[in-house]
Amino acid sequence: MSGNIRDIQEEILRLKKEKDICILAHSYQAKEIVEIADITGDSYKLSVEASKVQNKNILMCGVHFMAETAKMLSPDKNVYLANMNAGCPMAEQMEPDMIAALKAMEPDRKVVCYINTTAALKTVCDVCVTSSSAVKIVKNMDADKILFIPDCNLGSFVQEACPDKDIKLLQGGCPVHASVTKADLEAAKAAHPNAKVLVHPECIPAVTKQADYAGSTSGIMNYASESDAKKFIIGTEISIAEHLQYKFPDKEFYILSKKILCPNMKMTTLMDVYKSCKGIGCGGGNEIIMSDEEISAARVCIDEMIRLGG
């Protein structure tokens, strides 16, 4: 096999069939990875689709918590992560003991965790959410008092949409999205005055409140697809602007800030995917190992997410 991208992709497609592998890729992955994936989407879509996969093996092209989620939803499958070093700073921000202690202080306050959390943290939470499902799920919950973790920016976005709920926030979130300032947004708007501004709710409120649309990765892509507008400023991981450029060549897409670059999402390469596929079934690949106890404890809030967000 040569080092040509197309040849490597063809070999991955062959290995997928031979070894019964389903490749899940988050939308932030590179174009050459998205092209060979069976399912591409944001965290919510990948969570739901992972529970329906029929293949014996699942290969996640994303970060660690996503592979954990896939394993929880398909415990009978072999789940692998294409690059084991791909983590998520937000997912690792809070310790289960701290959240358990806060729950003990206010037992009537339900804990809502963003899917960008470790499996260990999910075990002490009542319901999980993604950026695309957070508002719907919080509205559908019986509880009026909620502790939303770890992203205070997404939590603030939910607060605004659910004024009848008592939502408590902690300081935490995505350092990449949170790095974008109001000045960054104003500079982008000055450079592209007629462009629609589409941002992720992990951005700070000063940014989301000035946007034409604030929503999940899939929401941003759907908005760009359905809008009659021809120019857009994209306020999420810069790979989304690139994917949209390919998908809608008659429209213009600009990044809100060059700071919105996730090093963990960029860590996975096409060669990682190839080597993972080659290793699966031969004692290789980075397999996610979780005990039945861990899975059942962490899955409670995931199942609740699918029930309330479906």
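The values are calculated or read from the model by the stated rules, or taken from the named source; none is laboratory data. Note that the structure is predicted; figures quoted are calculated from it, not measured. Cβ: placed from backbone, ideal geometry, glycine included. Neighbour counts: every protein chain shown. Side chains included, ligands, DNA and RNA excluded: accessible areas come from the protein's heavy atoms. Shrake-Rupley method; radii C 1.70, N 1.55, O 1.52, S 1.80 Å.
Calculated FRET efficiency, D144 to M98, Cβ-Cβ distance, R0 = 22 Å: about 0.40 to the nearest 0.05.
Given +1 at the Cβ of Lys and Arg, -1 at the Cβ of Asp and Glu and no other charges, the dipole of the chain around its Cα centre is 540 debye to the nearest 20. Label-to-label distance for K56 and D76 is 1.4 nm, based on points extended 7 Å past Cα in the beta-carbon direction. By the Cβ-Cβ criterion of under 4.7 Å, the unpaired cysteines of the chain are C22, C61, C88, C152, C162, C174, C203, C262, C277, C282.
Averaging Cα coordinates gives a centre for the stretch 238-299 and one for the stretch 44-98; these two points are 11 Å apart. Long hydrophobic helices in the chain, taken as whole DSSP H segments with a C-alpha length of 30 Å or more on their own axis and mean Kyte-Doolittle hydropathy at least -0.5, are absent.
For Y254, nonlocal amide neighbours, meaning residues 5 or more places apart or on other chains whose placed amide H falls under 5 Å from its own, are F232, I233, I234. In this simple spin-label model, placing a label point 7 Å from the Cα along the Cα-to-Cβ direction at both Q171 and E10 gives a separation of 5.5 nm. Couplings 3J(HN,Hα) for the stretch 123-134, derived from phi with the Karplus relation 6.51 cos²θ - 1.76 cosθ + 1.60 (θ = phi - 60°), are 5, 9, 10, 8, 8, 9, 9, 10, 4, 7, 10, 4 Hz, where x marks Gly and Pro. Of the candidates M271, M72, M98, which one comes out as most mobile in a Gaussian network treatment of the chain with C-alpha springs shorter than 10 Å? Looking only at M271, M72, M98, the largest GNM fluctuation is found for M98. Using 0.36 nm per residue and subtracting the Cα-Cα separation, the extra length available between A191 and A206 on full extension is 3.5 nm. For the chain, what is the calculated [θ] at 222 nm in deg cm²/dmol (nearest 500), taking -39500 (n - 2.57) for each run of four or more DSSP H residues and dividing by its residue count? Counting only the DSSP helices, I get -12500 deg cm²/dmol. Per residue, the solvent-accessible area of the chain (1.4 Å probe, heavy atoms of protein chains only, all protein chains present) comes to 43 Å². Here the relative contact order of the chain, from alpha carbon pairs under 8 Å that lie six or more residues apart, stands at 22 percent. On the chain, 50 percent of the accessible area sits on carbon and sulfur atoms, based on a 1.4 Å probe. The Rg/Rh ratio of the chain, with Rg taken over Cα atoms and Rh as the Kirkwood radius over Cα pairs, comes to 0.97.
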